[in-house]
Amino acid sequence: MPTAERQANIKIVLVNTAHPGNIGGAARAMKNMGLAQLCLVQPREYPAPRAVWRAAGARDVLKNATVANSVDEAIADCSLVIGTSARERRIPWPLINPRQCGERIWAEAESHKVALLFGREDRGLTNDELQKCHYHVHIPSNPEYSSLNLATAVQVLAYEIRMASLADPQGNLPDLGEWDQPPVTAEDLENFHSHLAETMAKLDFYDPENPKQLLTRMRRLFNRLRMDKMEVSILRGLLSAVQRKIK
Ligand code: SAH
């Protein structure tokens, strides 16, 4: 697949950004590194002249940016979702470094859409949002002052995608191997998780009033598997069969 088509499969998602200057800065960082798909989830102030001003020569990226109402909507068509994190979280999640992140995104963008999520300036991504991700990526900054400016974090990770693309001019490295089924999208996976939670609740295996960390652990488990569409539809068939039996 030509480089431009692969780049078009890479979506940079900014969640609930407060400062329009950061949106413009992110657009510029993206265009400098050859990326163009920007998605804004509930930006707090947008459109805004400051965003245009900071975007400089990347106004086209800003103009083509899509606005979404939720993270689910933004990532619905993506089969790989990576979330950025400025610090450690309570439940450990598969963690990769920026280099691995660039390589993985570039490799997977060959065959499907991928999303890289960036959080709010003041409190990053919520746990719910982070749990929708297959991997978390942390820029190994100074632990005593670990949080980068949002647009700067976009720059660092976009640069790593750029480096991965330059290391792979033919668009065929690293090899992902052949698979007979397309990977599941975030939307199908989300529907599967609702179905699973509903079935577990009907079985009294899961108490929605006292959820503990069951659903989080289920999300982590199934995100690690990287299921394909067929596998998810088999599991949904199984859940439906269980529900019919206990009715
Ligand atoms: N106080 C917030 C910091 C958010 S910084 C927190 O503790 O989460 C705003 C966004 O910039 C983050 O959500 C993330 O998308 C990105 N970012 C900042 N520093 C980063 C780092 N060291 N590694 C990865 N992403 C980072």
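The values are calculated or read from the model by the stated rules, or taken from the named source; none is laboratory data. Note that the coordinates shown come from a computational prediction; the quantities given were computed from them, not determined experimentally. Every residue, glycine as well, gets a Cβ built from its backbone with ideal geometry; the counts of neighbours run over all protein chains shown. Surface accessibility is based on the protein's heavy atoms, side chains included, excluding ligands, DNA and RNA. Shrake-Rupley method; radii C 1.70, N 1.55, O 1.52, S 1.80 Å.
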Inter-site label distance for R236 and R44 at 7 Å from Cα along Cβ, in nm: 3.7 nm
Take the Cα radius of gyration of region 186-246 and divide it by 2.2 N^0.38 Å, with N its residue count; two decimals is plenty. 1.11
Starting from the Cα-Cα distance between L225 and S70, subtract it from 0.36 nm times their residue separation and give me the gain in nm to one decimal. 53.3 nm
If I take R0 = 22 Å and measure r between the Cβ atoms of R87 and Y159 in this structure, what FRET efficiency does the formula 1/(1 + (r/R0)^6) give, to the nearest 0.05? 0.55
When Lys and Arg each count +1 and Asp and Glu each count -1, what net charge do the other residues less than 10 Å away from Q181, Cβ to Cβ, add up to? -2
Translational D (Stokes-Einstein, µm²/s) of region 1-97 at 4 °C and 1.567 mPa s when Rh comes from the Kirkwood sum over C-alpha pairs? 90 µm²/s
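Run the accessible area of region 1-160 with a 1.4 Å probe and give the carbon-and-sulfur part as a rounded percent. Don't jump to the answer; show the numbers that get you there.
Working: 3620 of 7310 Å².
C and S fraction of accessible area: 50 percent.
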Expected sort for 100-106, 21-27 on mean C-beta neighbours within 10 Å, highest first, is 21-27, 100-106
Residue list for region 115-159, given a label point 7 angstrom along the Cα-to-Cβ vector of L166 and an amide N cut-off under 18 Å: 154-159
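Got a number for carbon plus sulfur as a percent of region 186-246's accessible area, 1.4 Å probe? Numbers along the way, then the final one.
Numbers: 2140 of 3850 Å².
Solvent-exposed carbon and sulfur of region 186-246 make up 55 percent of the total.
How much length would be gained if the chain were fully extended between D204 and E187, taking 0.36 nm per residue of separation minus their Cα-Cα distance, in nm to one decimal? Before the final figure, lay out each step's value.
Values: separation 17, 0.36 × 17 = 6.12 nm, distance 2.59 nm.
The span from D204 to E187 would gain 3.5 nm if fully extended.
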Summing -39500 (n - 2.57) over the DSSP H runs of n ≥ 4 in the chain and dividing by its residue number, what mean residue ellipticity at 222 nm do you reach, to the nearest 500 deg cm²/dmol? -14000 deg cm²/dmol
Whole number in Å², please: accessible area per residue of region 3-166, 1.4 Å probe, ligands, DNA and RNA not counted. 45 Å²
Nearest-0.05 FRET efficiency for Q243 and Q100 at R0 = 41 Å, using Cβ-Cβ distance, is 0.55
Among E144, E88, E45, which one moves the most in a GNM of the chain with springs linking Cα atoms closer than 10 Å? E144
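Place the peptides 61-74, 227-240, 150-163 in order of packing, highest mean first, counting for every residue the other Cβ atoms within 10 Å and averaging per peptide. Don't jump to the answer; show the numbers that get you there.
Working: 61-74: 16.8, 227-240: 14.9, 150-163: 21.1.
Highest mean packing first, the order is 150-163, 61-74, 227-240.
Work out, in µm²/s and without decimals, the Stokes-Einstein translational diffusion coefficient of the chain at 25 °C, 0.890 mPa s, Rh from Kirkwood over C-alpha pairs.
Numbers: Rh = 18.9 Å.
Roughly 130 µm²/s, to the nearest whole number.
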Of the DSSP beta bridges with both residues in the chain, give the percent that are antiparallel, rounding to the nearest 5. 10 percent
